[in-house]
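Note sheet for the following structure.
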2 protein chains.
Amino acid sequence: METGNIYKQVPDNLSEEISELLVQSKNVKIERIISRGHKSPDSGWYDQDQNEWVVVLKGSASISFENETVVDLKEGDYIDISAHIKHKVTSTSAITETIWLAIFY
Amino acid sequence: METGNIYKQVPDNLSEEISELLVQSKNVKIERIISRGHKSPDSGWYDQDQNEWVVVLKGSASISFENETVVDLKEGDYIDISAHIKHKVTSTSAITETIWLAIFY
């Protein structure tokens, strides 16, 4: 049985956004993602083959969608993004790390 | 796009443990479970066909396993329970609600 704590073992060096694989099975992937001020490239969109259910557990972030919707996420906020819905992360907190839990399914 | 907050809209009445379905797809189910002092029946075990990755986001809990291992979970602690590993919840905080996020996969 694998155990851990979603808030602990946050690397000091967050010069790059960090994605950690917590679970990988045939049909689902669970990741912890840690950002600090990171955002997606200005041009282009994430266009994913899987659905993504993601929750911000610490920090804050904004996600923009191709249809111009912007969703601001604070602690505890989650969003279910269907496959091939084009989106990008337009901001994450620069003050504290943002810890995401993402389930790709 | 469905959105919500994992910490909000906690019912006042927690006389029964509450399970809320957040995502149901062919291969994965995501639930928010809210306990307050609830535990599994003293006799018998959960014996699930799916793996369960579960994190305690608020409160605390203890899970016991058939092999007599006991795992105490505090805020942020997660555990990955493989299918058919027999287990039960032997306690949850009576002081505050315990909010679990469970992914069955």
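No value in this document is a laboratory result; all are computed from the given coordinates. Since the model is a prediction, treat every value here as computed from it, not as a measurement. Reconstructed Cβ throughout: ideal geometry from the backbone, glycine too, with neighbour counts over all protein chains shown.
Copy-to-copy label distances for B:His84, where each label lies 7 Å from Cα along Cα-to-Cβ, are 3.7 nm in order of increasing length.
Across region B:21-29, rounded Karplus estimates of 3J(HN,Hα) from the backbone phi angles (6.51 cos²θ - 1.76 cosθ + 1.60, θ = phi - 60°) give 7, 9, 9, 9, 10, 4, 10, 9, 10 Hz, Gly and Pro being marked x.
With only alpha-carbon atoms in the gyration tensor, what are the semi-axes of the equivalent ellipsoid for chain A, in Å, largest first?
Working through the eigenvalues yields semi-axes of 21, 18, 12 Å.
Chain B's nearest residue to the axis relating it to A, judged by Cβ and reported with the distance in whole Å, is B:Asn27, 2. Using the Cβ-Cβ distance between A:Leu14 and A:Lys86 with R0 set to 25 Å, the FRET efficiency from 1/(1 + (r/R0)^6) comes to roughly 0.45. Distances between placed amide hydrogens fall under 5 Å for B:Leu57 paired with B:Gly76, B:Ile99, B:Trp100, B:Leu101, all partners being 5 or more residues away or on another chain. With 5 Å bins beginning at zero, the pair-distance distribution over Cα atoms of the protein assembly as shown amounts to 1, 7, 15, 19, 19, 17, 11, 7, 3, 1, 0, 0 %. Local charge for B:Ser19 was computed over the other residues whose Cβ lies under 9 Å away, with Lys and Arg +1 and Asp and Glu -1, and equals -2. Applying the Karplus relation 6.51 cos²θ - 1.76 cosθ + 1.60 with θ = phi - 60° to region B:65-78 yields 3J(HN,Hα) values of 10, 4, 7, 6, 5, 10, 10, 8, 10, 10, 4, x, 6, 10 Hz, where x marks Gly and Pro. For A:Leu73, nonlocal amide neighbours, meaning residues 5 or more places apart or on other chains whose placed amide H falls under 5 Å from its own, are A:Ala61, A:Ser62, A:Ile63. Counting from the shortest, the label point at A:Asn13, 7 Å from Cα toward Cβ, is 5.5 nm from the same position in each remaining copy.
Using θ = phi - 60° in the Karplus curve 6.51 cos²θ - 1.76 cosθ + 1.60, the 3J(HN,Hα) couplings for region B:43-57 round to 9, x, 9, 6, 9, 9, 6, 10, 5, 9, 9, 9, 10, 8, 9 Hz; x is entered for Gly and Pro. Shielding value for A:13-26 is 1, the average number of Cβ atoms from other chains within 10 Å of each residue's Cβ.
Ranked by Cβ crowding within 10 angstrom, fewest neighbours first, how are B:Phe65, B:Phe104 ordered?
B:Phe65, B:Phe104
Within chain B, what's the longest run with no GluC sites (Glu not before Pro) in a DSSP loop and at most 16 other beta-carbon atoms within 10 Å? Give the range, please. The partial results should precede the final answer.
Working: sites that count: B:Glu16, B:Glu66, B:Glu68, B:Glu75.
For GluC sites (Glu not before Pro) (loop position, at most 16 other Cβ atoms within 10 Å), the longest site-free span of chain B is B:17-65.
Counting Lys and Arg as +1 and Asp and Glu as -1, what is the net charge of the other residues whose Cβ lies under 9 Å from the Cβ of B:Ser62? Net charge in that neighbourhood comes out at 0.
Each Cα pair under 8 Å and six or more residues apart adds its separation to the average, and for region B:41-105 the resulting relative contact order is 47 percent.
For region A:5-36, trypsin sites (Lys or Arg not before Pro) are listed when DSSP marks them as loop and at most 12 other Cβ atoms sit within 10 Å of their Cβ; the list is A:Lys8, A:Lys26.
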